[in-house]
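*Asks:* One structure, pasted below without further comment.
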Amino acid sequence: MFNGLFYVLLGAFGIGLGVLQRRAGDRWPLPQRRWASKLAGWNAAPTSDIPELERQIRAYFRSLTAVTAAATGVALVALGAVLLALTAGGHAPPVLWDTGPLYLALLVGTGLGYPLAARLPRRPPAAGPRYADLHRRHLADYRSPGLRWLAPVAIAVQAVAAAVLVLMGGGWIALLMPVLGGVAYGVGEVQMWSAARAPRMVVTPDPVTARRCDDLVRADLIARLQGLELLTVGFAGAIGIIVAGGLVKQWGLAAQVVDLACFLSIAYCVFFAIGLYGLEERLGGRVTGWWGRPMPR
């Protein structure tokens, strides 16, 4: 009951924070991320134009952050409501109160933020030419297709571990581990696909500069979604650790091996999530290329 109420309150706080940030606009007092070095690295514009371009992107990103906070808050409230309903009905297993559902709610909220923010009315830039690039963006433009297989490896390990735990008498609850991981993987892939195909962000009349800025913000979101997807899948493995821990006395070494497999699935996902964050949004896509290599033209 406490965990469900906590998520409801945390979600309500997120919604309120998003509304306040949206209404505050340029008066928002909290510091924002600096984009100057990113814009220079992405060859977005001449050096002399970067300060004004950074101001425009920060204004857009402030709107994106506000919408994302509100969307994440709604997802957290929904998660809390589900936990409260399950608890009230006497069906809520303790392992549901794990970090996994929290990351899943963050994944959903983050993924909804960009498409919603891109569709909200914004002050148009000065009159002038618009996009000359009409190419429809795809997920492969921002992420190497090979990276889609990172999460399924962990899910496969968790599925085998869950099957073994069920055979050991751990109960159906062990199956929540691959189910949660599978849901996180499906939601994450759909969210990244949606982010790649969302309406373009136009911050300046110059089509080349506007395209680069749009690619930068879009790649930033997809990289964060990829990391959250991996973290959600990874922390689903905690369910298996909890179940296996209760079977050690009965099954000894066998239960410990399953426990280790679940732990390694968590470590694997966390390792790659941190590693991908370190690539600074350049995940091998056709538009972004890989970190440390020249930016594709």
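*Asks:* Name the one entry in Val190, Val179, Val160, Val248 that is closer than 28 Å to Ser144 by Cα and either more than 19 Å from the chain's Cα centre (by Cα) or surrounded by 18 or more Cβ atoms within 10 Å (Cβ to Cβ) (or both).
*Replies:* The match here is Val160.
*Asks:* Do we have Gln21 as within 24 Å of Glu281 (Cβ to Cβ), modelled with pLDDT of 75 or more and touching a helix residue (DSSP H, G or I) at 6+ places or on another chain (Cβ under 9 Å) here? Steps first, please.
*Replies:* Numbers: within 24 Å of Glu281 (Cβ to Cβ): yes; modelled with pLDDT of 75 or more: yes; touching a helix residue (DSSP H, G or I) at 6+ places or on another chain (Cβ under 9 Å): yes.
So Gln21 fits the description; yes.
*Asks:* Continuing with the same structure: Would you be able to say whether some residue in region 118-139 is at pLDDT 90 or above and either assigned to a helix (DSSP H, G or I) or farther than 17 Å from Val217 by Cα (or both)?
*Replies:* Taking every residue of region 118-139 in turn, at least one turns out to be at pLDDT 90 or above and either assigned to a helix (DSSP H, G or I) or farther than 17 Å from Val217 by Cα (or both).
*Asks:* Would you mind stating whether Asp215 is acidic (Asp, Glu), touching a residue at least 40 places away in the same chain (Cβ under 8 Å), assigned to a helix (DSSP H, G or I) and crowded, with 20+ Cβ neighbours inside 10 Å?
*Replies:* On the way: acidic (Asp, Glu): yes; touching a residue at least 40 places away in the same chain (Cβ under 8 Å): yes; assigned to a helix (DSSP H, G or I): yes; crowded, with 20+ Cβ neighbours inside 10 Å: yes.
It is true that Asp215 is acidic (Asp, Glu), touching a residue at least 40 places away in the same chain (Cβ under 8 Å), assigned to a helix (DSSP H, G or I) and crowded, with 20+ Cβ neighbours inside 10 Å.
*Asks:* Next up: Check Val243 against each of (1) under 16 Å from Arg286 (Cα atoms); (2) modelled with pLDDT of 85 or more; (3) over 13 Å from the mean Cα position of the chain (by Cα) and name the one condition it does not meet.
*Replies:* (1)
*Asks:* Let me ask something additional. Please tell me if Ile274 is surrounded by fewer than 23 Cβ atoms within 10 Å (Cβ to Cβ) and more than 16 Å from Gln158 (Cβ to Cβ). Spell out how you get there, then give the answer.
*Replies:* Values: surrounded by fewer than 23 Cβ atoms within 10 Å (Cβ to Cβ): yes; more than 16 Å from Gln158 (Cβ to Cβ): yes.
Yes.
The values are calculated or read from the model by the stated rules, or taken from the named source; none is laboratory data. For clarity, every value in this text was computed on a predicted model and none was experimentally measured. Using ideal geometry, Cβ is built from the backbone for each residue, glycine included, and neighbour counts are taken over all protein chains shown.
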